1. Lysine pairs in region A:887-1026 8 or more apart or on different chains: how many have alpha carbons under 24 angstrom apart?
2. Between A:Ile308 and residues 5 or more places away or on another chain, which pairs have amide H atoms under 5 Å apart, with H built 1.01 Å from N, and which residues are they?
3. Probe 1.4 Å, all protein chains in place: accessible area of A:Arg111 in Å², nearest 10?
4. How many percent of the accessible area of region A:597-676 is carbon or sulfur, using a 1.4 Å probe?
5. Rounded to the nearest angstrom and ordered from largest down, what semi-axes does the equivalent ellipsoid of region A:117-236 get from its C-alpha gyration tensor (root of 5λ)?
6. Quick one: grab the alpha carbon gyration tensor of region A:1-145, order the square roots of its eigenvalues as a ≥ b ≥ c, and give me rounded if a/c is under 1.5, else prolate or oblate depending on whether a/b is larger than b/c.
7. If packing is taken as the average number of other Cβ atoms within 10 Å across a peptide's residues, how do A:611-617, A:644-650, A:996-1002 rank, most packed first?
8. So, with a 1.4 angstrom probe, what is the percent of accessible area on region A:993-1043 that is carbon and sulfur?
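The values are calculated or read from the model by the stated rules, or taken from the named source; none is laboratory data. Since the structure is predicted, the reported quantities are computational estimates derived from the model, not experimental observations. Note that we place each Cβ from the backbone using ideal geometry, even for glycine, and neighbour counts take in every protein chain shown. With ligands, DNA and RNA removed, areas are computed over all heavy atoms of the protein, side chains included. Shrake-Rupley method; radii C 1.70, N 1.55, O 1.52, S 1.80 Å.
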Amino acid sequence: MPEPLPKTYSPAATEPLITLRWDAADDRSAGSGGGGAFHAEPGPVLSGERKPYCIFIPPPNVTAALHLGHALNNTLQDILVRAHRMMGFETLWMPGTDHAGIATQAVVEKRLRQEGTLKGPLKQSMTREAFVTQVQAFKDEYEATITHQLKVMGCSCDWARQRFTMDPQCAAAVREAFFRLFKDGLIYRGKRLVNWDPVLQTAVADDETEDVEIDGHFYYLRYPLVHPVKGAAKAVQPVTWSELATRGYPGASEHPAEEQAWVTVATTRPETYLGDTAIGVNPHDPRAKSLRGLLVELPLVGRILPIIEDDYVVLPAAMQKDPDAAASDPKAQFATGFLKVTPAHDPNDYDLYMRHKAVMDTHAPGGSALINIFAPDATVSDKHGWPDAAGAHLFLGLSREEARKKVVAEFYARGLLEETKPYKHTVKHSDRSKAVIEPYLSDQWYVKVTDDRMRGSALRAMAPDQRTSSLDASMPHASMPSRSSTSSTPPSAPGDGELRFYPARYAKTFENWHENIRDWCISRQLWWGHRIPVWRFSFFESATTSEEGVAGARQRCARLLIDLCAAARLDDELCLQFDGSESDRAYLCARTVRAARIVDLLKALFSQEPEEAETEFRELGLSRDALRAASELSYFMDANLTQDPDVLDTWFSSALWPLSTLGWPDPDKFPDTKGLLEAFNPSSVLCTAREIITLWVSRMTMFNRYFLPACHSVASDTSPSVPSDTSPSVAPSLRRSVASEGRGTGPLPFNDVFIHAMIQDGEGRKMSKSLGNGVDPRDIIESHGADAMRFVLCQMTTQTQDVRMPVVADPTTGKNTSPKFDIGRNFCNKLWNATRFALSMLPTGSSPAPSAAVGPRSFSLADRWMLSRLTTAVADINTALKNYQFSDYAQSLYDLLWRDFCDWYLEAIKPTIKESPAQQAVLAHALETIVRLLHPIAPFITEAIWEHLKEIQTAPINGITLPPSRRGGLLCTAGWPEIAPTLRDERAEKDFERTRALVTAIREIRAKHNLPPKRRITLHAPAALIKDLDSIGARSYVESLGTLDAITTDPAPKDAAATLRFESAELTLSNLADAAPAGGVADTTAER
RNA sequence: GGGCGGGUAGCUCAGUUGGCCAGAGCAUUCGCCUUACACGCGAAGGGUCCCGGGUUCGAGUCCCGGCCUGCCCACCA
């Protein structure tokens, strides 16, 4: 017999004990790894015994402890997971964390600098290994913190399966995915302008930047016009205004005739003039024609620039035909009509360059107009692709800011600065380092997500009724091959049309994003992350000395590689790609750790220690033939054969999360992953905040559909019939249809995407460390309890609104908390006390329960009403859960427990409960139903209460099924309540409603007359009404709940009476005042 | 510039397909330690449902136009 319950529920005393019981409840055979009550196995799914329910946690970054936003996200997932576990699904909630490459590297780097361990640029001050070790330690610390936080929140993850995006299992998936994309030509190397973070010295994605509005200036710079001189690139002659006037240049005659003419450009970044390689003008500009054939000389640098004509260049407001349009176009307001073109430092200029490549390259020094004037740290430098810096040596070594000042000063000194205007504009900053982003030209790896097998598969995944445009129209850039591949695939692949967004409006965001998607830059110049499994080398220096030429050398190299693979039993584990743009570059991609090792040894073969390399080759089990091929191959590679120093964008491994966590590609290599993929992919739902719809959802969808074969799972919701040949013993690889992989026709990683609100502080600001308004869920748990926190978070989750969370300091601990959670705490306490009351009224323990079920005949009005309310509540809650309407779910329970069960049912049965076994049965079943329904939201208190409820001995009730626990005698694996629709009783609901209305009316009078609660008064009513109350069985409730001494047809005495209207009758209450005999008062006093 | 939300009681928010008196919690006021619960019980006050039009027998809800506000995407010489 459990201890008697204390008067107030204490989360602090209860929650840790419950956690221990959940953890200890793994009653399966040893080796299942301590997943506790929440451990899931593929077996029951593969055998068809249970349906799967699976959620992949959005892996939190290991950069910091979780905040309330995470608490919300994970509470909602846990609610779904717990509810479905109770409903009988084999339920897997896959936990894990994300290495968060750039974020974590930035945080650790900052920390090392604060400690003084790190001074100067990272890459020069520390070895890669030393730094990674530091980050690893940091990661361990935060991973532990995060895991602990999730546990104290009550998250019912399968802890035995916890993953980290950089652990060996996930790394294997990353290598496999990269290799396959590389081999299929969906990964390529390209020179592009990227967002460069000069502090962290890496490329960052658009979404890793933030726009900051800053006060800047427009600078109007004059570039002198010159004539080209044939035969000598540098020799030029000035163009005078009089010449321009002759050519018909408008306004030229207003300038001194013999002075050198100029054009004026407007810029916010004058320092980039050093990289200018053209001047743009709109072909409709009246000045354009007269400038044809002329050039511009870049001041100080002396570079000669062509003038290119392009519609992109905005005409100044004064020149535009439509003055209204011009007035509303801010660009036109400050445009001069001449645009400086700096292709290596501005994305739009880069696009211009791509359109005018020929003419720009012709005039450019060194034959390329992509002149890079910055070092990776964004100081002006001539070491990174700037051949004609001599004239501008005075700027070398300056930071961007210093260079800007100096450029402006130099132009001013030469009379070339026309004016400056203050200007407010937004500038991209790096999320992580807060540095101003520099558009920077560099070599990066890209995934061709614009390919139909990627983008198309994501778009085809969308539910037809959530699409806003047809598939064809949605892919304006679809190329010829992609169309034909679309038509060659079956009209309906397994995942097609099954992706559903909740709320539905987010489907549009998803669709829209894919329509405008650009290829995905996946390389990052960081140290923390998955190293790109590619070795680069250039080989033609030695190879082309032979007769065979470039093409022949390439062929021979490729052939040797095939030989090596065959001889070394490296079947399909190495892949060679030649650089499309640079003819002497080649890339070798390794699929496995062993293949990578062999590539490393290739390098050793022709460098320092060929003997040692040979020994190692033999240790790896390589044959003589393999070694010979390797030696020959190494001859083609120069000593620069090196692994790419870059790491992959974090999202690359995140995109594989639904695959890697389940053991893909090779479940046999990792224990306990066998069968997981078949059983749990596709998962049931992805829960996330809306900020990452585009990034994560899209990429997971594309990768899952690309890497998995069209038919791989045995038990997805959409294929109810389980194929007969499937059993856990069949190795997954045997069932795979290899032909359908790599076509983007595979299954989805999840069927539903649920997007929930974001949590803001009381003023509607994002929660953040720097604002000090962040809230650690552990602090809420300390002040209110985990269940209270979860209840409130659930209740707040409506379909539309973001959540405002006023933050205050807890008076006792000083930690951040919020009075918003009081409701949850009070609610838990209410449940606790209702339970205490019920337990005091119900037979427990020793007396055996009657086995015969009780039925409607023995129920009072209140009982029938309560059962009816339960029936509708269960139905409402099931609907709410199905549609991810968390607020409705919590609200239903709140009303059911507090308003119906406590306020009315418990009060109504107080006079009769002790004597009525039937009523006892209803009370017990109602309470237990509520407790079970509430468990997904408030797991701790309900688990604690359930332990006591199990002791109650009452008769069963026909129509209520409360299935037993499946594991450890715990509520978390007990069944979800099932209530037969027959227990719905509209008559009882209506009758009880009337009773309630009458009691309320009486109480209103009592309150108006300030009656003491215990004072009994008399109700005078028409005989018909009294008869009616008797017939529905409501009379006793009116008497007890209204605190009446009698209901009578006698006329009321004239004094001390009040009237009320009920339905159509006029009733009177008497005996209100103390004029009555002193008995009543004396009684009250005595009772005290 | 494009897209998506939100503007309902002092505060934070519900209000599904148009339909009886617009709801909840907190706060306020009044009365209660009525023994399950003061983290509670009973009751009360409090709303031009942002503004202006329209559709309708009927609009917080649907349509059009404004205003305010938040977020996302694109762009910014």
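1. Values: A:Lys910/A:Lys950; A:Lys910/A:Lys990; A:Lys910/A:Lys1014; A:Lys914/A:Lys950; A:Lys914/A:Lys1014.
The number of close lysine pairs in region A:887-1026 is 5.
2. Amide H neighbours of A:Ile308: A:Ile279, A:Gly280, A:Val281.
3. Near enough 80 Å² of accessible area.
4. Values: 1590 of 3380 Å².
Here it works out to 47 percent.
5. Working: eigenvalues 449, 109, 66 Å².
Computed over region A:117-236, the values are 47, 23, 18 Å.
6. Numbers: a/c = 2.66, a/b = 1.80, b/c = 1.48.
Prolate shape, in that a/c is at least 1.5 and a/b is the bigger ratio.
7. Per-residue mean Cβ counts within 10 Å order the peptides as A:644-650, A:996-1002, A:611-617.
8. Working: 1370 of 2480 Å².
With neighbouring chains kept in place, the figure for region A:993-1043 is 55 percent.
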